[in-house]
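Read through the structure below, which is laid out as structure tokens, and then see the notes.
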Amino acid sequence: MDTIPTETYRGYDLYPLFYHSPFAEMEGHAKTDRAYGASVLICREGTEPGGEQCRVFRLNAEPMDSVGKARRAAIAFARRIIDGDEVGQSVEQL
């Protein structure tokens, strides 16, 4: 994982995380080598990743077919969490 955040948004550092998805089928085609899931690590701005002021949020979405899409989805998800637009997800504890 990078130690430099991909983006800083409203006082939080954002670290997108992406990984191969366990799902083999996307749009009716087997694409196991190109299926990615995403999460995002959100930390208070300036804190070290993995500290007490950080939390990982998993994006529950269909697998994405590129790392770029997974990265963009993770950043958009983090922004929605910080803005309070994701039900049941919050950065208040950070």
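The values are calculated or read from the model by the stated rules, or taken from the named source; none is laboratory data. From a predicted model like this one, the values you see are computed outputs, not experimental measurements. Cβ: placed from backbone, ideal geometry, glycine included. Neighbour counts: every protein chain shown.
Among residues of region 43-55 that are under 13 Å from Val91 (Cβ atoms), those with a Cβ under 6 angstrom from a residue that is of a type in the set (Val, Ile, Thr) and in a loop (DSSP other than H, G, I, E, B), sequence gap 6+ or separate chain, pair up as Gln53/Thr47. If you take the residues in region 56-71 that are out of contact with any helix residue (DSSP H, G or I) (no Cβ under 7 Å at 6 or more places or on another chain), free of Cβ contacts under 8 Å to residues at least 40 places away in the same chain and among the charged types (D, E, K, R), which one is surrounded by the most Cβ atoms within 10 Å (Cβ to Cβ)? Looking at residues that are out of contact with any helix residue (DSSP H, G or I) (no Cβ under 7 Å at 6 or more places or on another chain), free of Cβ contacts under 8 Å to residues at least 40 places away in the same chain and among the charged types (D, E, K, R), I get Lys69. Scanning region 51-84 for residues that are more than 15 Å from His20 (Cα to Cα), assigned to a loop (DSSP other than H, G, I, E, B) and in contact with a strand residue (DSSP E or B) (Cβ under 8 Å, 6 or more places away or on another chain) turns up Gly51, Gln53. When region 30-50 is limited to residues that are part of a helix (DSSP H, G or I) and surrounded by 13 or more Cβ atoms within 10 Å (Cβ to Cβ), the one that is modelled with the highest pLDDT turns out to be Arg34. The conditions of being modelled with pLDDT under 90, surrounded by 13 or more Cβ atoms within 10 Å (Cβ to Cβ) and part of a strand (DSSP E or B) are not met by Pro16.
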